Structures are given as structure tokens and as C-alpha cells.
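A short worksheet on the structure shown next.
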Amino acid sequence: MSAVLVFVDRPATGLGKPTRELLTLARRAGEPVVALAGEASTDIVAALGSYGVSRVLNSAQPELSEYLVAPKADFIARAAELADARAVLIENSTEGKEIAARAGIALKAGVITDAIAVAADLTATKSVLAGSYTSTCRVRTPVAIISVKANSIEPAEAETPTEPAVEAVTVDFGPASLAVRIVDRQDKPVSTRPDLSEARIVVAGGRGVNGDFTPVEELADVLGAAVGASRAATDAGWIEHSAQIGQTGKTVSPQLYISAGISGAIQQKAGMQTSAVIVAVNKDAESPVFEIADFGVVGDLFKVLPQAAEEIRRRRNS
Amino acid sequence: METTALNIVVLIKHVPDTQFDRHLSGPDNTLDRSESILSELDEYALEAALQLVESSGSAAGEARVTAVTMGPAQAVTAVRKALQIGATDGVHLSDDALAGSDAAATSLALATLVRHLGPVDLVLTGMSSTDGETSLVPAQLAARLELPQLTFASTLELFDVDGVRKVTGRRDGDAYSYQLEAILPAVVSVTDQINSPRYPNFKGIMAAKKKTVTTLSLADLGLNPSDVGRSGSWTDVVEAQPRPVRAAGTIITDDGDAGIQLVDFLAAQNLL
Ligand SMILES: Cc1cc2nc3c(=O)[nH]c(=O)nc-3n(C[C@H](O)[C@H](O)[C@H](O)COP(=O)(O)OP(=O)(O)OC[C@H]3O[C@@H](n4cnc5c(N)ncnc54)[C@H](O)[C@@H]3O)c2cc1C
């Protein structure tokens with residue numbers, strides 16, 4: 001069986017859900033091999049073994065975190081050669097897509113981004129044109145590189161765990177790969193709420209919250225949801241830029257998207273219109289968001305959201 | 001930056017207007033490009049170039065901001081728009097053999113084109129195209145040109161250390177914010193957070209009439225037609241289906257209990 005390489009980037013504690021999804025996909029499509037950047041701790045290697053990983057190609061070279069993107073792509077290209085991989089699977093983050101892009105050039109491999117499903121024969125499904133079409137893509141090259149969005153598959157451990165062999169890989173980085181230095185790194189505060197890209201439910205607020213995200217956060221917390229925002233809200237500085245949903249923010253596709261005080265501009269819709277169920281609360285009945293809402297409330301979010309949160313609490317307690 | 005005037009290439013794309021419905025059709029599932037405009041995300045790259053020139057102290061008329069596009073004949077309108085906004089000259093790579101290029105083929109054509117234009121300080125692009133939406137091209141272009149890739153910059157500044165020109169910019173991620181630094185020349189992509197793009201004014205529109213747009217073909221670049229377009233692409237779109245239209249939902253007006261009705265709806269959908 002040919003190898004399918006999964007890139008795992010410096011896992012801090014355990015394997016994140018997106019990584020476990022990639023490992024599950026890799027096992028269905030071939031023999032799962034991991035390119036692990038960072039320390040190969042016993043815990044991580046055991047966790048990879050529980051997903052049936054046969055080999056771990058490991059590099060902890062400092063360049064991987066001192067320079068932007070390029071060294072990681074070089075490492076993956078080297079690991080893919082060593083493993084003779086027919087495919088490389090990568091998380092679909094901004095950085096993941098760029099790593100895929102460069103590894104594609106290095107391996108002369110076709111790259112498919114934003115996959116929402118990957119079949120065992122490596123055919124990938126993705127949403128295109130801001131969610132207005134679904135397309136099926138294949139690469140024509142011997143190696144396929146696919147960046148896969150979170151929630152593409154339910155992660156499943158292997159029936160029989162493996163004890164992966166860890167092999168150290170030393171990459172010979174060229175000067176062009178060590179050209180963009182990270183001179184300062186500021187960590188952002190870690191939220192206790194679910195990650196936007198992985199969340200089953202998203203509650204998002206826009207200019208209508210008028211500087212006060214409390215009702216949005218309160219409803220999100222009773223639902224165990226992630227908090228999102230329109231660009232108007234992030235531009236105003238009411239919430240972190242990483243909460244922005246839309247064309248130039250995140251694209252989400254949760255089971256439920258609750259939009260509050262957001263008009264539903266085309267760039268906002270681009271990031272959320274593939275959600276399974278859309279609920280909108282807006283005081284203007286003419287807002288375009290109502291065109292895509294399964295359930296809409298013409299009303300004041302400062303009344304409707306707290307009432308809904310209170311009602312959910314009441315039902316749970318009775 | 002007093003020494004030599006800046007020479008910047010801005011890559012722009014002529015894309016179907018996102019304000020209207022967009023359609024895929026034909027055997028290769030290609031995009032209908034009839035109602036197209038200059039991609040709004042590329043306006044941020046052009047604005048960044050103009051601001052760098054303005055703050056660099058380059059004498060008027062010396063600095064160059066070349067707007068470069070590849071695409072069908074009508075794509076020249078995107079270049080014309082860029083000239084009206086303030087680019088100094090334009091280049092249009094136009095060849096029937098380019099149709100259907102994926103990111104790999106596009107980055108090959110653009111890399112060859114940039115090399116053909118001669119030494120530049122910066123190649124600036126938008127954060128993604130609004131049609132392909134993959135953000136692959138800037139990274140692949142940098143890899144092919146073996147130039148530094150400083151992408152998704154939300155701030156940008158040039159500076160000089162002992163006669164060496166450098167670029168620095170901030171890149172915001174989910175868990176971090178990075179300050180990045182590279183030596184010129186570099187490939188830089190910018191986000192929509194970096195600036196507020198200017199509109200063409202009357203003076204700009206008049207001045208643009210005198211600016212030149214050079215049209216190049218694959219032969220001018222020495223590129224083999226089979227290395228680009230559909231034949232040079234490394235990916236295939238096997239099938240494309242429009243998403244089913246969302247069925248009209250229930251819209252209610254709040255009479256005091258809409259929050260409760262909202263919860264009823266969620267319960268009925270098994271979402272609680
Ligand atoms: C290049 C580019 C990229 C962009 N990318 C994005 C993107 O990624 N994501 C994004 O979201 N936008 C993006 N935008 C901006 C987009 O065009 C809209 O301007 C933005 O989405 C509007 O945000 P909003 O709906 O919150 O604000 P508005 O359009 O001002 O709407 C506010 C809404 O709140 C309602 N409201 C006010 N008070 C209340 C209340 N008390 N209760 C209930 N409702 C209330 C109003 O009726 C109104 O409908 C982009 C724009 C450009 C040019």
C-alpha cells in the first residue's frame with residue numbers, strides 16, 4: 001500500500017481534532033505516515049500509533065519555527081520523498097494552504113485546497129465561488145497535496161494500534177527558504193470557547209451589537225458555540241480579528257449559524273452560507289441576511305438573544 | 001530609499017464581480033468571465049504599492065508601479081483601472097493557451113513574466129483572488145522565483161540597513177501575530193486590513209490615457225503553450241454542481257416572545 005503523508009506541526013498537548021481527522025483520512029487512502037515538526041515525545045508518538053501510523057519522520061530543526069512557511073514545505077517535500085508518498089494531507093489553515101502551495105512546487109504535485117471530503121482514491125470535494133458551487137477535483141500528478149478543512153470526517157482510531165518507528169530527518173534548507181525571518185512573535189490569548197473552524201454551532205455578531213458582544217457571548221456559551229463576527233465588528237475593534245467570518249476572514253460551515261445584527265453583505269455570506277441551518281436576528285426586515293435564513297427574527301438582538309439564552313437555561317433545568 | 005527609485009510590480013486579476021451570481025460551465029467546468037472587474041482584493045496591493053512609493057521619497061516620475069495581469073483580451077480593463085488609480089504602466093499577458101490554468105500553471109506563467117520584466121524590488125499581490133480563493137499563487141510564485149515570501153501582511157514598511165533594502169510586515173494568525181522581515185526583492189501579499197484603497201479621480205483618469213500597456217504573448221516569454229493552461233495544469237475539476245437554492249425560511253417579527261420561538265425552532269431541529 002502506498003504511503004499517505006500527514007503533516008503534524010508541533011503539537012503542544014495531544015493531537016488536535018483536525019490532525020486526528022487527517023490521520024483517519026490517510027488510513028482510509030493508504031498507509032499513514034507522519035511528518036512531525038517539533039519534538040517527538042513518547043505521548044505524541046503513542047497517540048500517532050493509536051491512529052495506525054507506521055512511520056514518523058521527525059525534524060526539530062529550529063529553522064522550522066524561525067522562518068515563515070518555506071522551511072516547513074521543504075521538510076514535507078523531503079519526508080514525502082523518503083516515504084515515497086502518493087499524497088500529502090495538511091490542515092487547511094492560512095499557513096497550511098501556503099505550505100501545501102510550496103510543497104506542490106517542490107514535488108511537482110497538484111494542490112487542492114479547502115477540501116471538505118477526500119475519498120480513498122484521493123478525489124476531493126470542495127465548495128467554490130463563495131459556497132455557491134460544490135466541485136470535485138483530482139490531481140493529475142503522481143503525488144497529490146490536499147489541504148482539508150476541519151469537520152470533514154469523524155476521527156476514528158485504528159482497530160489495532162501500531163508502534164511507529166521514529167526516524168530523524170535533517171533537511172538541507174536553501175537560502176530562499178530562510179529568507180523571511182520571524183523577528184517577533186506575539187501569542188494571542190487562548191479562548192476557552194470552541195475553535196471557530198471546528199465548532200458545531202457559531203453565534204456571530206455584527207455592527208448591530210454596537211460595541212457590546214455580551215448577548216452574543218451569552219447565547220454562545222449556553223449553546224457551547226464559538227463566537228464569530230462581521231468585518232464591521234472586527235474593524236471597530238469590538239472583537240479579535242481572528243473572529244471575522246467571510247471572504248477575507250474564516251469560512252465556516254457549522255450545523256447551526258446564528259447571525260445577530262449582521263446585514264448579510266455578499267462578503268459575509270461568502271463565509272457562512274454553506275452552514276446547515278441559519279438563524280438571523282436583525283431589526284431591519286429588509287436585510288439581505290433574511291434571504292438565506294431558515295429562521296429569521298425581525299427584532300432587537302438585545303431583547304431576542306438574552307430571552308433565547310434564558311429559555312434554553314430554563315428548559316435544561318426543568 | 002533616496003538612492004534608487006522603487007520598482008514595484010503589482011499582480012492584478014480580472015475576476016467576475018462577486019456582487020452577481022457566478023457560474024461554472026463547459027466540459028472543463030470553467031468560470032463565466034463576462035461580467036468582470038479588477039479584483040477588489042488586488043486594490044489593496046495597488047494601494048500598498050502607491051503608498052510605499054509616496055513614503056519612499058522617490059522623485060516623481062522615477063518610481064515605477066507596473067500593473068501586471070494575465071487573462072483573456074478583456075482583462076486589459078483591469079490594467080486600465082489600475083492605471084487610473086495610479087499605476088505608472090501596465091503589462092497584459094494574453095494568450096488563448098492560458099485558458100484554464102490552475103495555480104501551478106498560473107504561477108509558472110507569472111514567474112516567467114516577472115523574470116522577463118527584469119529586476120524589481122517588490123512583487124505585490126492581494127491575499128487571494130476572489131474567484132479561485134485558494135491563496136496558492138503568491139506562495140508558488142515566490143517558490144518558483146526563489147524570492148522571499150512575505151504573505152498576508154497587514155502592515156508593510158521598507159527600511160534600509162547599511163545600504164541593504166529590507167521589508168517588514170505584520171502577519172496575524174489565529175494563535176499569534178508575527179513581525180516578519182526579508183531582504184528585497186521579495187514577493188509580498190497584503191490583506192484587506194492594510195489600507196483603504198483610493199478611487200480613481202478625474203486627474204488619474206485623464207493621466208491614464210497617456211500611460212502604456214504592453215501586451216505580451218507566451219512566445220514573447222519563451223513559454224511552451226503546453227506548459228500552461230489546461231494542459232499544463234496539475235489539477236482537474238471533474239465535476240461542479242450549483243448548491244441547491246436555500247428554501248425560503250420562516251421569518252417572524254418580535255412581539256415579545258421571539259427568543260422563545262427561536263428556541264422552539266432550535267428544539268424542533270434537534271439543535272439544542
Ligand atoms: C474587500 C472586502 C472584504 C470584506 N470581507 C468581509 C468579510 O470577510 N466578512 C464580513 O463580514 N464583511 C466583509 N466585508 C464588509 C462587508 O461588505 C460589510 O460591510 C460588512 O459585512 C457589514 O457588517 P455588518 O453586517 O455587521 O454591518 P452593517 O451592514 O452595518 O449591518 C448592521 C446590521 O445590524 C442591524 N442592527 C442594528 N442594530 C440592531 C439591533 N439592536 N438588533 C438587531 N439588529 C440590529 C442593522 O439592521 C443592520 O442590518 C468586506 C468588504 C470588502 C470591501
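Taking the criterion of being of a type in the set (S, T, N, Q) and assigned to a helix (DSSP H, G or I), the residues of region B:93-117 that qualify are B:T106, B:S107, B:T112.
Looking across B:G26, B:G71, B:G57, one residue alone is open to solvent by 40 Å² or more (accessible area, probe 1.4 Å) and away from chain A (no Cβ under 14 Å). It is B:G57. Mind checking which residues of region A:145-199 are among the basic types (K, R) and under 30 Å from A:A220 (Cβ atoms)? Selection gives A:K149, A:R185, A:K188, A:R193.
Could you tell me whether B:A153 is within 13 Å of chain A (Cβ to nearest Cβ) and either open to solvent by 70 Å² or more (accessible area, probe 1.4 Å) or within 21 Å of the chain's Cα centre (by Cα) (or both)? Spelling it out, B:A153 is indeed within 13 Å of chain A (Cβ to nearest Cβ) and either open to solvent by 70 Å² or more (accessible area, probe 1.4 Å) or within 21 Å of the chain's Cα centre (by Cα) (or both).
Results for (1) farther than 30 Å from B:G86 by Cβ; (2) surrounded by 16 or more Cβ atoms within 10 Å (Cβ to Cβ), shown as yes or no for each residue.
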{"residue": "B:K209", "(1), (2)": "no, no"}
{"residue": "B:V213", "(1), (2)": "no, yes"}
{"residue": "B:D220", "(1), (2)": "no, no"}
{"residue": "B:G229", "(1), (2)": "yes, yes"}
{"residue": "B:E239", "(1), (2)": "yes, no"}
{"residue": "B:A247", "(1), (2)": "yes, no"}
{"residue": "B:D255", "(1), (2)": "yes, no"}
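Restricting attention to region A:112-140, the residues that are part of a loop (DSSP other than H, G, I, E, B) and surrounded by fewer than 16 Cβ atoms within 10 Å (Cβ to Cβ) total 4.
Taking the numbered list (1) buried (at least 19 other Cβ atoms within 10 Å of the Cβ); (2) assigned to a helix (DSSP H, G or I) in turn, A:G49 passes all entries but (1).
Okay, residues lined up against (1) of a type in the set (V, I, T); (2) in contact with a strand residue (DSSP E or B) (Cβ under 9 Å, 6 or more places away or on another chain); (3) not in a loop (DSSP other than H, G, I, E, B):
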{"site": "B:S34", "(1), (2), (3)": "no, yes, no"}
{"site": "B:D42", "(1), (2), (3)": "no, yes, yes"}
{"site": "B:A48", "(1), (2), (3)": "no, yes, yes"}
{"site": "B:Q51", "(1), (2), (3)": "no, no, yes"}
{"site": "B:T66", "(1), (2), (3)": "yes, yes, yes"}
{"site": "B:Q74", "(1), (2), (3)": "no, yes, yes"}
{"site": "B:K81", "(1), (2), (3)": "no, yes, yes"}
{"site": "B:A87", "(1), (2), (3)": "no, yes, no"}
{"site": "B:V91", "(1), (2), (3)": "yes, yes, yes"}
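Restricting A:A156, A:A204 to residues that are more than 9 Å from chain B (Cβ to nearest Cβ), away from the ligand (no atom under 16 Å from the Cβ) and in contact (Cβ under 8 Å) with a residue 60 or more places away in the chain narrows the list to A:A156.
Every test in (1) farther than 23 Å from A:A115 by Cβ; (2) outside any strand (DSSP E or B) is passed by A:N58 save one, and that test is (2). Among the residues of region A:291-310, are any under 22 Å from the mean Cα position of the chain (by Cα) and either within 13 Å of the ligand (Cβ to nearest atom) or modelled with pLDDT of 95 or more (or both)? Within region A:291-310, not a single residue is under 22 Å from the mean Cα position of the chain (by Cα) and either within 13 Å of the ligand (Cβ to nearest atom) or modelled with pLDDT of 95 or more (or both).
Does at least one position in region A:179-201 carry a residue that is modelled with pLDDT of 95 or more, open to solvent by 50 Å² or more (accessible area, probe 1.4 Å), within 11 Å of the ligand (Cβ to nearest atom) and not small (G, A, S)? No: region A:179-201 contains no residue that is modelled with pLDDT of 95 or more, open to solvent by 50 Å² or more (accessible area, probe 1.4 Å), within 11 Å of the ligand (Cβ to nearest atom) and not small (G, A, S).
So, A:E310, is that one more than 10 Å from every other protein chain (Cβ to nearest Cβ) and open to solvent by 20 Å² or more (accessible area, probe 1.4 Å) or not?
no
Report yes if some residue within region A:93-116 is of a type in the set (S, T, N, Q), more than 7 Å from chain B (Cβ to nearest Cβ) and touching a Lys or Arg at 6+ places or on another chain (Cβ under 9 Å); otherwise report no. Checking region A:93-116: not a single residue is of a type in the set (S, T, N, Q), more than 7 Å from chain B (Cβ to nearest Cβ) and touching a Lys or Arg at 6+ places or on another chain (Cβ under 9 Å). Residues that are under 18 Å from A:G249 (Cβ atoms) and away from the ligand (no atom under 13 Å from the Cβ) were ranked within region A:270-284; the one that is most open to solvent (accessible area, probe 1.4 Å) is A:T274.
Out of (1) near the ligand (Cβ under 8 Å from one of its atoms); (2) open to solvent by less than 40 Å² (accessible area, probe 1.4 Å); (3) facing chain B (nearest Cβ under 9 Å), the odd one out for A:I266 is which? Exception for A:I266: condition (2).
Number of residues in region A:285-298 that are surrounded by fewer than 23 Cβ atoms within 10 Å (Cβ to Cβ), assigned to a loop (DSSP other than H, G, I, E, B) and touching a Gly at 6+ places or on another chain (Cβ under 9 Å) equals 4.
No other residue among A:T214, A:T234, A:T248 is without any contact (Cβ under 8 Å) to a residue 24 or more places away in the chain, more than 7 Å from every other protein chain (Cβ to nearest Cβ) and open to solvent by less than 40 Å² (accessible area, probe 1.4 Å) apart from A:T234.
Only residues that are closer than 20 Å to A:A83 by Cα and either in contact (Cβ under 8 Å) with a residue 60 or more places away in the chain or more than 9 Å from chain B (Cβ to nearest Cβ) (or both) were counted in region A:122-143, giving 3. Residues being in contact (Cβ under 8 Å) with a residue 60 or more places away in the chain and part of a helix (DSSP H, G or I) are entirely absent from region B:118-136. If you filter region A:218-231 down to residues that are surrounded by 23 or more Cβ atoms within 10 Å (Cβ to Cβ) and small (G, A, S), you find that the one that is nearest to the ligand (Cβ to nearest atom) is A:S230. When you check B:P148 against the structure, is it touching a residue at least 24 places away in the same chain (Cβ under 8 Å) and within 20 Å of A:A109 (Cβ to Cβ), yes or no? Answer is no for this residue. Evaluated against (1) more than 13 Å from the ligand (Cβ to nearest atom); (2) touching a Pro at 6+ places or on another chain (Cβ under 6 Å), A:P215 falls short on exactly one condition, (1).
The values are calculated or read from the model by the stated rules, or taken from the named source; none is laboratory data. Just so we're clear, the structure is a prediction, and the values are computed from it rather than from any experiment. Please note: Cβ atoms are built from the backbone with ideal geometry, for glycine as well, and neighbour counts cover all protein chains shown. Each accessible area value is taken on the protein alone, full model and side chains, heavy atoms only, with ligands, DNA and RNA left out. Shrake-Rupley method; radii C 1.70, N 1.55, O 1.52, S 1.80 Å.
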